[in-house]
Amino acid sequence: MKEGPGILYIVSTPIGNLEDITIRAIKVLSEVDIVACEDTRHTLKLLNHLNIKKPLISYHDNNRTMRTGQLIEKLLAGNSIALVSDAGTPLISDPGEELVSAAAENGIKITVIPGCTASVAALVLSGLSTGRFAFEGFLPQRRSERIRYLENIKYEERTLIFYEGPHRLKAMLNDVLEVFGDRKCAVVRELTKIHEEVVRGSLSQILSHFESNEPRGEFVIVVEGSKNKAPSEEKQNLAELSVEEHVNYYIKQGQSRMQAMKSAARDRGMSKREIYDILNTDK
């Protein structure tokens, strides 16, 4: 019978190249009683590569509520558990938050084995400012919610980091361009792998690149922070401007005339066609 609770280890694993595993991570994975992981098949490949044999328990978005209680019971019984994700650091856009929170509430010792994180790796490759940055993860899937979210962070001055899959990349880039204007950006894929790729340029240039080159793989998108301060009364009183002044306001923020017309139409609850007709009538 083991005395006292076990330890919960939060273990970072490679994001592509298996040689990026740390010596300490190998030691912990070799010594724990159980490995909790997103996909047992994926983690089994890593453990086989390291010649490690351990019991695996799945812990993912669909079972995390049930599994959290089960894993806490095992920890309280004296078992040490390594929590890993499919790639990178657990809890960063991956499951684990509920387990760590529950372990803390139960007085269980928690420690981290640091290592790879795709967001930071992409940031240092981007060529953009690394002094201050904000990790935003995956944007909402629904376009209306995504646009609203981007509007809320469009004046963030820190470098912004997003994750996105191949099927929504172009739509996501288009929405960022529409809301933010044509800022500098870097899109990174296949990090640490043989076909690692970094596409740098303006948002419009990168969007054009992926119109010609179908996105494949998982992406990290790094976007330059805003150079404009959030307007206060001017922003709040946009509806009081003429349509032309409203459109020119967004052009000054870095948007193209077409994007500015879309933004003004959205603010006023009008169609872009109505904005276009008003602008041509006024001339």
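Would you confirm, using the coordinates I've provided, whether Gly225 is touching a Gly at 6+ places or on another chain (Cβ under 9 Å) and small (Gly, Ala, Ser)?
Here the answer is no, as Gly225 does not meet what is asked.
List every residue pair whose Cβ atoms sit under 7 Å apart, with the two residues 6 or more apart in sequence or on different chains, where the first one lies in region 149-170 and is hydroxyl-bearing (Ser, Thr, Tyr) and the second, anywhere, is surrounded by 15 or more Cβ atoms within 10 Å (Cβ to Cβ) and not in a strand (DSSP E or B).
Close Cβ pairs satisfying both conditions: Tyr149/Leu139; Tyr155/Ser226; Thr159/Leu123; Thr159/Leu128; Thr159/Ser129; Thr159/Glu224; Thr159/Gly225; Tyr163/Ser93.
Within region 1-23, take every residue that is among the charged types (D, E, K, R) and assigned to a helix (DSSP H, G or I) and give me the one that is surrounded by the fewest Cβ atoms within 10 Å (Cβ to Cβ).
It comes out as Glu19.
What pairs come out if I take residues in region 6-23 that are more than 26 Å from Ile72 (Cβ to Cβ) and pair them with residues that are assigned to a helix (DSSP H, G or I) and at pLDDT 95 or above whose C-beta lies under 6 Å away, six or more apart or interchain?
Within 6 Å, the pairs are Pro14/Asp20; Ile15/Ala118; Leu18/His49.
For region 237-249, which residues satisfy the criterion of being buried (at least 17 other Cβ atoms within 10 Å of the Cβ) and farther than 16 Å from Gly269 by Cβ?
If the condition is that a residue be buried (at least 17 other Cβ atoms within 10 Å of the Cβ) and farther than 16 Å from Gly269 by Cβ, then Tyr249 is the only one that fits.
Quick grid of which residues meet (1) in contact (Cβ under 8 Å) with a residue 40 or more places away in the chain; (2) among the basic types (Lys, Arg):
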| site | (1), (2) |
| --- | --- |
| Met172 | yes, no |
| Arg183 | yes, yes |
| Arg189 | no, yes |
| Lys193 | yes, yes |
| Glu197 | no, no |
| Asn213 | no, no |
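Please determine, by comparing only the residues of region 143-197 that are in a strand (DSSP E or B) and of a type in the set (Asp, Glu), which one is surrounded by the most Cβ atoms within 10 Å (Cβ to Cβ).
Only one residue fits best here, namely Glu164.
Considering only region 1-45, state which residues are in contact with a Pro (Cβ under 9 Å, 6 or more places away or on another chain), closer than 18 Å to Gly115 by Cα and β-branched (Val, Ile, Thr).
Selection gives Ile10, Val11, Thr13, Ile21, Thr22, Val35.
Within the set of pairs 6 or more residues apart or between chains, which connect a residue that is in contact (Cβ under 8 Å) with a residue 24 or more places away in the chain and farther than 16 Å from Cys37 by Cβ inside region 69-86 to a residue that is surrounded by fewer than 18 Cβ atoms within 10 Å (Cβ to Cβ) and of a type in the set (Asp, Glu) with Cβ atoms less than 7 Å apart?
Matching pairs, first to second residue: Gly78/Glu3.
So, of the residues in region 121-133 that are hydrophobic (A, V, I, L, M, F, W, C) and touching a residue at least 12 places away in the same chain (Cβ under 8 Å), which turns out to be surrounded by the fewest Cβ atoms within 10 Å (Cβ to Cβ)?
Leu125
Filter region 24-52 down to the residues that are part of a loop (DSSP other than H, G, I, E, B), touching a residue at least 12 places away in the same chain (Cβ under 8 Å) and of a type outside the set (Val, Ile, Thr), then identify the one that is nearest to Thr111 (Cα to Cα).
The selected residue is Asp33.
Among Glu136, Glu98, which is the only one that is of a type in the set (Asp, Glu), under 16 Å from the mean Cα position of the chain (by Cα) and surrounded by fewer than 19 Cβ atoms within 10 Å (Cβ to Cβ)?
Going through Glu136, Glu98 in turn, the sole match is Glu136.
Tell me yes or no: at least one residue of region 97-111 is part of a strand (DSSP E or B) and out of contact with any helix residue (DSSP H, G or I) (no Cβ under 6 Å at 6 or more places or on another chain).
Looking through region 97-111, at least one residue is part of a strand (DSSP E or B) and out of contact with any helix residue (DSSP H, G or I) (no Cβ under 6 Å at 6 or more places or on another chain).
Could you go through region 147-163 and let me know if any residue there is over 23 Å from Lys227 (Cα atoms) and among the polar types (S, T, N, Q).
No, region 147-163 contains no residue that is over 23 Å from Lys227 (Cα atoms) and among the polar types (S, T, N, Q).
Out of curiosity, is Glu136 out of contact with any Pro (no Cβ under 9 Å at 6 or more places or on another chain), at pLDDT 95 or above, charged (D, E, K, R) and not assigned by TED's automatic domain parsing to the domain that holds Gln255?
yes
The values are calculated or read from the model by the stated rules, or taken from the named source; none is laboratory data. All of these numbers come straight from a predicted model, not from anything done at the bench. Counting neighbours? That spans all protein chains shown, and the Cβs are built from the backbone with ideal geometry, glycine included.
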